[in-house]
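Chemist: Can you keep this structure in mind? I'll have questions shortly.
The values are calculated or read from the model by the stated rules, or taken from the named source; none is laboratory data. Keep in mind that this is a model prediction, so the values were computed, not measured. Quick reminder, even Gly has a Cβ in these numbers, built from the backbone with ideal geometry, and neighbours come from all protein chains shown.
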Amino acid sequence: MSGDTVRLTAHVHGRVQGVGFRWWTRSRALELGLVGHAANLADGRVLVVAEGSRDAAQALLDALRSGETPGTVDLVVERFDEPRGDLAGFVER
């Protein structure tokens, strides 16, 4: 990883569509100073992509697993990569 900046890609499994999950994720990400997006996938998962400091990305991942999200999270599968720098703001897709 280059420095302290990472790209988090997380696939969130569970009852996470139609319950305000993407809005909640966007709010947490913005509070943490992350850029990226949260998008519904056709199979019922939510894809979260976020770039920023490793600590902020880990804090978002911890929040996704906290049990305090809207809906019900059964599993979060994450990957950390080099940042691409192609994201601005944090949006719901």
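Chemist: Before we move on, is Gly36 at positive phi and not in a loop (DSSP other than H, G, I, E, B)?
Modeler: yes
Chemist: Is it true that Asp43 is in a loop (DSSP other than H, G, I, E, B) and either under 15 Å from Glu78 (Cα atoms) or not β-branched (Val, Ile, Thr) (or both)?
Modeler: So Asp43 passes the test.
Chemist: I want to confirm something. Restricting to the stretch 62-75 and keeping residues that are more than 10 Å from the chain's Cα centre (by Cα) and surrounded by 18 or more Cβ atoms within 10 Å (Cβ to Cβ), which single residue is farthest from Gly14 (Cα to Cα)?
Modeler: Looking at residues that are more than 10 Å from the chain's Cα centre (by Cα) and surrounded by 18 or more Cβ atoms within 10 Å (Cβ to Cβ), I get Thr69.
Chemist: For the subset of the stretch 34-45 comprising residues that are within 9 Å of Phe90 (Cα to Cα) and of a type outside the set (A, V, I, L, M, F, W, C), which member is surrounded by the fewest Cβ atoms within 10 Å (Cβ to Cβ)?
Modeler: My answer is His37.
Chemist: What residue, of Gly14, Gly18, Gly67, is in a strand (DSSP E or B) and either at pLDDT 95 or above or not acidic (Asp, Glu) (or both)?
Modeler: Result: Gly14 is the single residue among Gly14, Gly18, Gly67 that is in a strand (DSSP E or B) and either at pLDDT 95 or above or not acidic (Asp, Glu) (or both).
Chemist: Take Ala59 and tell me if it is out of contact with any strand residue (DSSP E or B) (no Cβ under 6 Å at 6 or more places or on another chain), surrounded by 14 or more Cβ atoms within 10 Å (Cβ to Cβ) and not in a loop (DSSP other than H, G, I, E, B).
Modeler: yes
Chemist: Would you mind stating whether Val48 is of a type outside the set (Gly, Ala, Ser), buried (at least 19 other Cβ atoms within 10 Å of the Cβ), under 16 Å from Leu32 (Cβ atoms) and in contact (Cβ under 8 Å) with a residue 24 or more places away in the chain?
Modeler: Numbers: of a type outside the set (Gly, Ala, Ser): yes; buried (at least 19 other Cβ atoms within 10 Å of the Cβ): yes; under 16 Å from Leu32 (Cβ atoms): yes; in contact (Cβ under 8 Å) with a residue 24 or more places away in the chain: yes.
Taking the combined requirement at face value, the residue satisfies it.
Chemist: Tell me which residues, restricted to the stretch 24-51, are of a type in the set (A, V, I, L, M) and in contact with a Lys or Arg (Cβ under 9 Å, 6 or more places away or on another chain). Quick ask: steps written out before the conclusion?
Modeler: Going through the stretch 24-51, the residues of a type in the set (A, V, I, L, M) turn out to be 29-30, 32, 34-35, 38-39, 41-42, 46-50.
Passing the criteria: Leu34, Ala38, Ala39, Val46, Leu47, Val48, Val49, Ala50.
Chemist: OK, next. For the stretch 42-67, which positions are under 26 Å from Asp4 (Cβ atoms) and not aliphatic (A, V, I, L, M)?
Modeler: Within the stretch 42-67, Glu51, Gly52, Ser53, Arg54, Asp55, Gln58, Asp62, Arg65, Ser66 meet the criteria.
Chemist: Next up: Of the conditions (1) closer than 20 Å to Asp4 by Cα; (2) in contact (Cβ under 8 Å) with a residue 40 or more places away in the chain, Trp24 clears all except one; give me its number.
Modeler: Result: Trp24 passes all but (1).
Chemist: Then there's this: Hey, Thr25 hits all of (1) part of a helix (DSSP H, G or I); (2) more than 14 Å from Gly89 (Cβ to Cβ) but one; which does it fall short on?
Modeler: (2)
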